[in-house]
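The values are calculated or read from the model by the stated rules, or taken from the named source; none is laboratory data. Remember, it's a predicted structure, so these values are computed and weren't measured experimentally. Virtual Cβ from ideal backbone geometry, glycine too; neighbours counted across all protein chains shown.
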């Protein structure tokens, strides 16, 4: 990339950042509305939770009361959040943001790992189908991926766990397997990544999209020119046929994968955001679930931002649009 | 080795060929399987509503616990309380059938309205709707639903409304895209210059003739998602509660027994989920290829 | 100096298949052509006549099925002598009925591997091809300079990046692109159609190929730009003496640049000979199609003589439903009663009627 290209790219990126900020604002508003409309006034609970100590809370309540009008509530809640104060968990009393970010890291690992697994499986099938069309090899694989995508991920989880514990005897589920448990404990962390990667339902869509896009690109005039001059087709096609579609579909599937993470974390007892969300929903722990909703949205938008960056970096025309 | 044969005699025109010769066998298989599943689901739903079941799904038989499939009187065996699995599976459809239809209806209805507004009016409308679309897409659906559950009751109908609403942007963007496409082809201009009365009639032309297949396909996708959502929620314990069966909570209940090597309790409902969702997906895919003519080499 | 033609196409057949009609699309149905060293052969015909498909078949760029199914493409350059379709018959099995191919089987995977092995030494290096729609034929994601240096580094002895760049810039200059050093870093979207086409020509010729195939190089460009590109090609032709296969439906550029002309119709060559003979309006032994083609151009002479261009009646031949007999029969306005039966039921051969001038017409033979 040349130096002269950097300025327009920076302009486009700042535009993307602005849009992201606007969207996150909208996200906060949606969450606010849901909580505000719910019976039982969780909002005041939230606002109170955002105040620092119990005494301060009690004292402030006497003096100021919880603000009455909805926009005032929204504003004070939003300002507190922007300062990092997401309130405290009803159940544990711990500050929400810190807790969510702590487990959020585990979920991030799970999510990104599973995306890699999905890509490792989907990309070869898609590229092969784009190059060779539907044939004896690509069709069964594609069909198989459709079936796998419809698998309920929780059930897949059980199968995998069963297989690993009973057949391979690798797990610390039964005490006394200490030596092999040490050796293979790390393998256990790979399992949920593997399960989510296969079971999140996105494999068939990734294959389909990537295959269609790469197929379309391969039929373009400039690829014909590349072939005519004896150049490597991949070298010319990968930007439009691989990089852009892959980042596009993965970014669009992040919400879906996060949803799957909720279930997988349940099955494997993985201490992530998803499990925390489930617990919070059970306990009606509004601050926590709200914090998770917002942080998830942030993840999603970050993924979208990343995709925009790739698009702009690859496409010389993007900076002019 | 690929073989090509030319038919002898007169070479006809495409439109003369009967429907089944024009399409790919694969798509016909997809659609066939999909329709089979849909019929099965509807049929089972009706059976369930009128209680025409092989056995009482709640009937406990402690003498016959975890019987394998094929045991007399229990085609698919029994669960850990001796209850007939087949009957419970059939009743389980009740948990997602109507709520699923609700989700699909909401998605299609509002999605179409918004899509038409965005595509037809364009301008600020379109920007606003794009914004809302991106906004809704920012949430993982399950997390949003958990938020709704925490704030309100875990009522499946509320939840399906949310599912439907989250699908509205997808539907509307497809419709909007279609309208742009038609605009590009001067289709809309032609209609206007022909002096076709109100937009209502143009909408009939756009929607009925051109978006029909799109909507049907979105309906299948939407239903598949609704089923997945309901089963996931009841698996997590937020849907239908015991002893009422739902495919999700049946898998959950069977989990312990799975680890003991008794797979069937969880597997029967899991396979039902698998084949049903697959059915809707393939139906949508097959219809997409047939109606939108994407295949053909 | 090797004797013999640089390129000799013998009885080439390239078919496609319509699944909806369950019939073959006989795009190139027995085409034979010859190009001598240093000569420019112009191939002219309407769309659908098979001219572009012929060129793509020579380059091995046909990807749809069944593709090239029979024939021989002899290529003889200083560096290589080869039949580009060598061993094709080992991968294709034809079944005829009533003299027409009604069924065929082709081992795609095998043929492609085999063909790639042959063509990888030829494409870009021995035979270079330029296309119509230059803007979409260049990679939109790379600057044009890099696309040229890529070709240079692939096919010439110049592997060093800096040297390749210098050579590319020299060629950009040679194709009359202004500020070549600056333009080197431009992307195709920032250049006009004419400039893109010049860049493509530079990219093709920078590797000094033995044969240049130009497929409708001026189609899609503005009229004024078209003539500039034609001028450029004429200049390069006299400077470099490069052998060219020029394809166009535009007779004017064919006449400006060609030494020999082949007229194609319905997938076959119907007339073939020296340019001045074929393009001369009063040459005695012309194919009715050629005559009609020349008469349909709004040229100054036509207008002076006739005052309106005459369209050719009827539709372009449907290469699926090929009728028996001469392919031009339905539209020919020179059929006489004496030969009508032959024209309707027996396809004439391409036969020599004057020195190196061949015609496929019953008017001139028995």
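For this structure, a couple of remarks:
- The selection criterion, being within 24 Å of residue A:31 (Cα to Cα), under 11 Å from the mean Cα position of the chain (by Cα) and modelled with pLDDT of 90 or more, holds for residue A:260.
- For the range A:226-246, residues that are assigned to a loop (DSSP other than H, G, I, E, B) and farther than 16 Å from residue C:61 by Cα total 0.
- Candidates B:254, B:261, B:279 - the one that is more than 8 Å from chain A (Cβ to nearest Cβ) and at pLDDT below 90: B:254
- When residues of the range A:304-321 are limited to those that are within 10 Å of another protein chain (Cβ to nearest Cβ) and part of a helix (DSSP H, G or I), the one surrounded by the most Cβ atoms within 10 Å (Cβ to Cβ): A:304
- Residue within the range A:244-251 that is within 16 Å of residue C:141 (Cα to Cα), within 7 Å of another protein chain (Cβ to nearest Cβ) and surrounded by fewer than 22 Cβ atoms within 10 Å (Cβ to Cβ) present: no
- Search result, residues across the range B:254-295 that are crowded, with 20+ Cβ neighbours inside 10 Å and not in a helix (DSSP H, G or I): B:254
- Search result, residues across the range C:347-366 that are at pLDDT 80 or above and assigned to a loop (DSSP other than H, G, I, E, B): C:347, C:348, C:349, C:350, C:355, C:356, C:360, C:361, C:362, C:363, C:364
- Subset of the range B:74-104 [out of contact with any helix residue (DSSP H, G or I) (no Cβ under 7 Å at 6 or more places or on another chain) and more than 22 Å from residue B:251 (Cα to Cα)]: B:101
- Looking across the range A:272-301, just one residue is at pLDDT 90 or above and not in a helix (DSSP H, G or I), and that is A:272.
- Summed over the range C:79-96, residues that are within 14 Å of another protein chain (Cβ to nearest Cβ), in a loop (DSSP other than H, G, I, E, B) and surrounded by fewer than 16 Cβ atoms within 10 Å (Cβ to Cβ) total 1.
- Test: residue A:184 is closer than 27 Å to residue B:234 by Cα and modelled with pLDDT under 80: no
- Taking the range A:269-278 as the range and being at the interface with another protein chain (Cβ under 10 Å from one of its Cβ atoms) and surrounded by fewer than 24 Cβ atoms within 10 Å (Cβ to Cβ) as the test, only A:278 passes.
- Within the range B:54-66, tally of residues that are out of contact with any helix residue (DSSP H, G or I) (no Cβ under 9 Å at 6 or more places or on another chain) and assigned to a loop (DSSP other than H, G, I, E, B): 3
- Residue within the range C:54-65 that is under 23 Å from residue C:12 (Cβ atoms), part of a loop (DSSP other than H, G, I, E, B), away from chain A (no Cβ under 14 Å) and touching a helix residue (DSSP H, G or I) at 6+ places or on another chain (Cβ under 8 Å) present: no
- Those residues of the range C:210-226 which are in contact with a helix residue (DSSP H, G or I) (Cβ under 8 Å, 6 or more places away or on another chain) and within 20 Å of residue C:41 (Cα to Cα), in sequence order: C:212, C:213, C:214, C:215, C:216, C:217, C:218, C:226
- Which listed residue, of C:169, C:177, is touching a residue at least 12 places away in the same chain (Cβ under 8 Å), away from chain A (no Cβ under 14 Å), surrounded by 16 or more Cβ atoms within 10 Å (Cβ to Cβ) and in a loop (DSSP other than H, G, I, E, B): C:177
- Applying the criterion of at least 3 residues that are buried (at least 16 other Cβ atoms within 10 Å of the Cβ), within 12 Å of chain A (Cβ to nearest Cβ) and out of contact with any strand residue (DSSP E or B) (no Cβ under 7 Å at 6 or more places or on another chain) to the helices (runs of 4 or more DSSP H) found wholly in the range B:134-198 leaves B:141-151, B:156-184.
- When residues in the range B:58-85 are screened for being surrounded by fewer than 20 Cβ atoms within 10 Å (Cβ to Cβ) and closer than 17 Å to residue B:48 by Cα, 3 of them pass.
- Under the condition of being at the interface with another protein chain (Cβ under 8 Å from one of its Cβ atoms), in a helix (DSSP H, G or I) and in contact with a helix residue (DSSP H, G or I) (Cβ under 7 Å, 6 or more places away or on another chain), the residues counted in the range A:123-152 number 4.
- Some residue of the range C:205-226 being in a helix (DSSP H, G or I) and crowded, with 21+ Cβ neighbours inside 10 Å: no
Condition check ((1) touching a strand residue (DSSP E or B) at 6+ places or on another chain (Cβ under 9 Å); (2) more than 14 Å from chain A (Cβ to nearest Cβ); (3) buried (at least 16 other Cβ atoms within 10 Å of the Cβ)) across all residues:
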site	(1), (2), (3)
B:207	no, yes, yes
B:212	no, yes, no
B:217	no, no, yes
B:221	no, no, yes
B:226	no, no, yes
B:229	no, no, yes
B:238	no, no, yes
B:246	no, no, yes
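- One residue alone among C:48, C:42, C:30 is assigned to a strand (DSSP E or B) and out of contact with any helix residue (DSSP H, G or I) (no Cβ under 6 Å at 6 or more places or on another chain), and that residue is C:30.
- Condition broken by residue C:101, with the remaining ones in (1) assigned to a helix (DSSP H, G or I); (2) within 16 Å of residue C:27 (Cα to Cα); (3) away from chain A (no Cβ under 14 Å) satisfied: (1)
- Looking at C:72, C:36, C:76, C:21, just one residue is within 14 Å of chain B (Cβ to nearest Cβ) and touching a residue at least 40 places away in the same chain (Cβ under 8 Å), and that residue is C:21.
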